[in-house]
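One structure is given here, and the rest of the page talks about it.
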Amino acid sequence: METSILSLEVSPIISIENSPIILSGRLIPEMPNENVTLYAKINSATWTVIGSAATQQDGSFEYVWTTADAGSHGIRAGWSGNEMYTGAMSSARNATVLPIFLTVLIGVAVIAAIIGVVAILVAKHGQQEHPEPPLEPQYW
C-alpha cells in the first residue's frame, strides 16, 4: 500500500461562540468522494467527531463548524484509507472560541476608552480657545 497525506487549515483561529469556523484541507493523492472525518477536543479533553466532508475532484474538502463551547479547541482531520492507500491523520490545529459575554465586555471597554479620549481632547481644545488673562500682580 502507498502512503497518503491529509492537510488541514482552520480559519479564523480566533472566533466568538456560535460563529462559523471553516475547516479546509486536501487529501494527497487527489481522489474525489473520499470521506474525511473531522475531530475536535476542547481544553485538552478527548477527541470527538464533529462532522465529515467529502473530497472534491482535486482532493480538497471543506467543512463549516460552529460551536457554543468557549475555550481552546484542538482540531484534526482523518481519512481511513482505501485498498490502494493507507489512512492519514492531519496535524492538529488550534482555534480559540471566545464567550460572547467577554466579547461584549471588551467592546464596552473600548467604547468607554474612546469616549474618554474624546472628552479629554475636547476639554483641552476648549482651554486653548479661551485662555484666561494673566493675573495682575497685587501690591499690598
Fill in: Filtered residues of the stretch 1-52 (kept if in a loop (DSSP other than H, G, I, E, B), in contact (Cβ under 8 Å) with a residue 60 or more places away in the chain and of a type in the set (Val, Ile, Thr))
Thr3, Ile13
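Residue-wise test of (1) out of contact with any helix residue (DSSP H, G or I) (no Cβ under 6 Å at 6 or more places or on another chain); (2) farther than 12 Å from Gly78 by Cα.
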position: Glu17; (1), (2): no, yes
position: Glu34; (1), (2): yes, no
position: Trp47; (1), (2): yes, no
position: Glu62; (1), (2): yes, yes
Discussion item. Part of a loop (DSSP other than H, G, I, E, B) and under 14 Å from the mean Cα position of the chain (by Cα): is that true of Asp69 in this structure?
Written reply: yes
Discussion item. If I ask for residues that are touching an Asp or Glu at 6+ places or on another chain (Cβ under 9 Å), at pLDDT 95 or above and either surrounded by fewer than 17 Cβ atoms within 10 Å (Cβ to Cβ) or not aliphatic (A, V, I, L, M) (or both), which ones from the stretch 18-46 would you list?
Written reply: Ile22, Ser24, Gly25, Arg26, Pro29, Glu30, Pro32
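This table checks each residue for (1) surrounded by 12 or more Cβ atoms within 10 Å (Cβ to Cβ); (2) at pLDDT 95 or above.
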residue	(1), (2)
Ile50	yes, yes
Ala53	yes, yes
Thr67	yes, no
Ala77	yes, yes
Ala95	yes, yes
Ala112	no, no
Val122	no, no
Pro137	no, no
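The values are calculated or read from the model by the stated rules, or taken from the named source; none is laboratory data. Everything numeric in this text was worked out from a predicted model, so none of it was measured. Glycine gets a Cβ as well: all are built from the backbone with ideal geometry, and neighbour counts include every protein chain shown.
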